[in-house]
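In what follows, a structure is listed as structure tokens, so that the remarks can point back to it.
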Amino acid sequence: MKQIFTIAIFLLSFTLINQTVNAQVQSPAEFLGYELGERYTPHHRVLGYVNHVAEESDWVTIHQYGKTYEYRELVYLVVTSPENHSRIDEIRTNNLKLTGLVSGEPVGESKAITWLSYNIHGNETSSSEAAMKTLYELVGTGNSDTEQWLSDSVVIMDPMLNPDGRDRYVNWFNGIVGSEINPDIVAREHHENWPGGRPNHYYFDLNRDWAWQTQIESKQRSAVYQEWMPHVHVDFHEQSYNAPYYFAPAAEPFHMAITDWQREFQTTIGENNVRYFDEQGWLYFTRERFDLFYPSFGDTWPTFNGAIGMTYEQAGHGLAGAGIITQEGDTLTLQDRLTHHTTSGLSTVEVTSKHADRVVNEFRNHFDRAVNNPSGTYKTYVVKADNHPDKIHNLLSYLDTQMISYGRAGSSTSANGFNYTTGTTENVSISENDIIISAYQPQSQMVRVLFEPNPELVDSLTYDITSWEAHYRFGLNGYALESRVNPGSAIDLDELRPAEMTGSATPYAYVLDWKSMDDARFLAEITKHDVRSRFSVVEFDVDGRSFDRGTLVITRDNNRHLGDRFNQIVMNAAQNHDRSIHGATTGFVGSGSDFGSSNVRFIEKPEVAVFIGEGTSSLQAGEVWHFFDQQLKYPATMIHTEHLSSTDFNKFNTIVLPSGSYSGMLNDDTTNELRSWIRSGGKLIAIGNTNSLLSGIEGFEISTKYNEVEPDNSPESKLRLYGDRERANATNTTPGAIYRISLDTTHPLAFGYDDDYFSLKVGANAYDYLNNGWNVGTAREDAYMSGFVGNRAKQNLEHTLTFGVQSYGSGEVVYMIDNPLFRGFWENGKLLFVNSLFFVGN
């Protein structure tokens, strides 16, 4: 059995114990009534302990910064010397002045700031236990070394980033474990129920949401993070229970925006960790698996905000329970896991404090260079003023959350630049009202990461998606310039899209353009209030105004059942969503089709069922749930997949199948019932890998496209190198790349879009064009735009279906190969999903 070293023994290697102990601060064992590692500690008891320490120690203060979707408190601790606490706001403000995000020069001595983040994945449970132990060792033992560290630096601790997910796991585990743990992997305590404890309330992976901030926990955390802008950030995780410990330096690829100093000091921190792990004989690895490329991790987002961002990974995860027999025959215990995390956390605080002066100086230099000599080829990013104002507003609102500045060009000019729409470098024209995002600003590193057209990838074996550029994400036209253009004037977001009511105050029909998710939220709101709407499948003119396909037409005649409430419901919704709306005086149009025509189609109120549970991807099921509940704010009934065969489909007119395998659940009887429901007028929306399942079922037109590239069958092709196996497999994959999708904008699924839609393709599964159906969105030749795609995958993805609609009896099947709701951040894809709900089939 592996020898277990308690944290008390380990700490003897740090220093002698000082006699000035905070006698009133209880150890975790004294407060909780059990030794850490003997059982899991739920959120409310972790919160109780850190509150106790803050109450009893003048080295600690506690601050609530928000609540989760399930109303659990989110807190952070400021841990530093009493002297530093007496001027803590000055220290914090000084640090912001170093970044240039707050004006003025620092006053007094600056301090290094280390931020420790625990348990963002709920079932990686050891880190919140380690947070309590780390806190006690920092302030509860009277250790003279830790007191010196806290005099030289400030430590911020977030003891639990994902309380909802962690309590889901802890409550489940505590409810099924016996009086003694069973370390055998076959025991039930090692196998969580769906969806597991990893995600938050809406089944989102919060460690993919640091930059996008779609979840309430991420939004609240980022806001308080930006009030401090720490110099070092550690995100504590767990990995396979058979893996050694991982700490920095990270693996390649590093994003090219990462500076030499950021590379250097994470190595310095890692070397300090090595010292303690070598002392104890603990296995570890560095520079493998965990890279620094995708910007929305807990190591990269802090890095792109100027910090030394790092992930620490301990063996464990949900399979580990409170103890598990590893492949080496040892038992990995919860105490082992929390001890390792405590050790690396204390080591990081130590090494940062000992290099505090340089850490602070390099931090200041980082932001000075950002303002005066930003890295990267492109120095200016342009968003054209003629983009739809909703899309511009959504981008700029997002940039505000990232503390990125922008402004109007102020004057007309021309320059050589990369055109995001064409994918080519050409001479481009900039008008005075175009929006300018300059690289010459404090957040230059983040600007580069978010806007660089095709960031250099030095190693294709990367951990996550490889493209996310903001123009494509928000559906905007614009350019990237190698030359510098400074913003000429500020932009008032409130004035960017003034809402106005034109035409009659008591109209024949209200008319609303259909271009964005803001229009979709308007429609969702009025539909919930029983307003009956229509949409035009042709362009038309009325009252001298022109409207595109997809325009909403809300007639008074269709809404007589609402009486006097009709006008108020519509106008309230317009105000709630900043919509400009036209009151048409007549249903007789100048061109196009009159409002009583079959080309102005009635929208049947969507009665939506979403199947989630075993057999579906919890993350992608959560994306659908969150979309309805928090983004569109439209009701949908979530039904467990185990009830799929017993569900009365006739209660619904729309069924959504999130990506999944649906193993054994779509049996012959259920499939027959589903097909019968579609033939009778139902609408099925299949997302992601669910389409692969449908491709093998009779009646569904979707069919898998197999790689047409002739395999190399030469004798030499069999002489493969074992060491090249991962790279050989990569030729058939894409972890996430951007493709230009050609849209049939005459089809209701594509209403509100231009001819080209830039899609985030997160898999290499390819599908043939529909033989009997509408190929609404297709990847043609040379559709690839940016990100990594293996050579064979790239060839196979040409001339393939991305979005399609099949008529099936009186019903419809919508095939969404690319997931427009992926992680909730691909803003320009969401209207496609809304179109599938409200327009397709009507």
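The values are calculated or read from the model by the stated rules, or taken from the named source; none is laboratory data. The model shown is predicted, which means the values in this text are computed figures rather than measured ones. Every residue, glycine as well, gets a Cβ built from its backbone with ideal geometry; the counts of neighbours run over all protein chains shown. In case anyone asks, the SASA skips ligands and DNA or RNA and just uses the protein heavy atoms, side chains included. Shrake-Rupley method; radii C 1.70, N 1.55, O 1.52, S 1.80 Å.
Observations
- Checking every one of the GluC sites (Glu not before Pro) in segment 92-142 against DSSP loop status and a limit of 15 other Cβ atoms within 10 Å picks out Glu109.
- As a ratio to 2.2 N^0.38 Å, the alpha-carbon radius of gyration computed for segment 232-343 takes the value 1.09.
- Long-range tail of P(r) for segment 315-455 (Cα pairs > 23 Å, %): 58
- With a cut-off of 19 Å on the backbone N, the residues of segment 588-610 near the modelled label site 7 Å out from Glu642 along Cα-Cβ are 610.
- As an equivalent ellipsoid, the chain spans semi-axes of 47, 32, 28 angstrom, where each value is the square root of five times an eigenvalue of the C-alpha gyration tensor, largest first.
- Cα gyration tensor of segment 376-488 - equivalent ellipsoid semi-axes, whole Å, descending: 22, 16, 14
- A straight line joining the Cα centroids of segment 481-524 and segment 249-305 runs 44 Å.
- Distance cut-off 25 Å, percentage of C-alpha pairs in segment 703-842 lying past it: 33
- Nitroxide proxy distance, nm - points 7 Å out along Cα→Cβ at Thr731 and Val186: 4.2
- Within the accessible area of the chain (1.4 Å probe), percent carbon and sulfur: 44
- Expressed in Å, the radius of gyration and Dmax of the Cα atoms of segment 570-652 are 18.9, 54.
- Here segment 71-178 is treated as a sphere whose radius is the Kirkwood value from Cα pairs; by Stokes-Einstein at 37 °C and 0.692 mPa s it diffuses with a coefficient of 208 µm²/s.
- Segment 370-414: proportion of alpha-carbon pairs further apart than 16 angstrom, %: 51
- Rolling a 1.4 Å probe across the protein heavy atoms gives segment 19-142 an accessible surface of 37 Å² per residue.
- Dividing the mean sequence gap of close Cα pairs (under 8 Å, 6+ apart) by how many residues the chain holds gives a relative contact order of 10 percent.
- Among the GluC sites (Glu not before Pro) in segment 164-249, those placed in a DSSP loop whose Cβ has at most 15 other Cβ atoms within 10 Å are Glu180, Glu227.
- Percent of C-alpha pairs per 5 Å bin, segment 154-215, short to long: 4, 15, 21, 19, 15, 13, 7, 5, 1
- Antiparallel DSSP beta bridges within the chain, percent to nearest 5: 65
- Whole-Å distance, taken between Cα centres, linking segment 382-408 and segment 725-745: 28
- If you take the Cα centroid of segment 47-77 and the Cα centroid of segment 663-700, the two points sit 49 Å apart.
- Remark on segment 233-293: hydrodynamic radius 12.4 angstrom, per the Kirkwood mean of 1/r across alpha carbon pairs.
- Remark: spin-label model distance Glu482-Glu328 equals 5.2 nm, labels positioned 7 Å along the Cα→Cβ axis.
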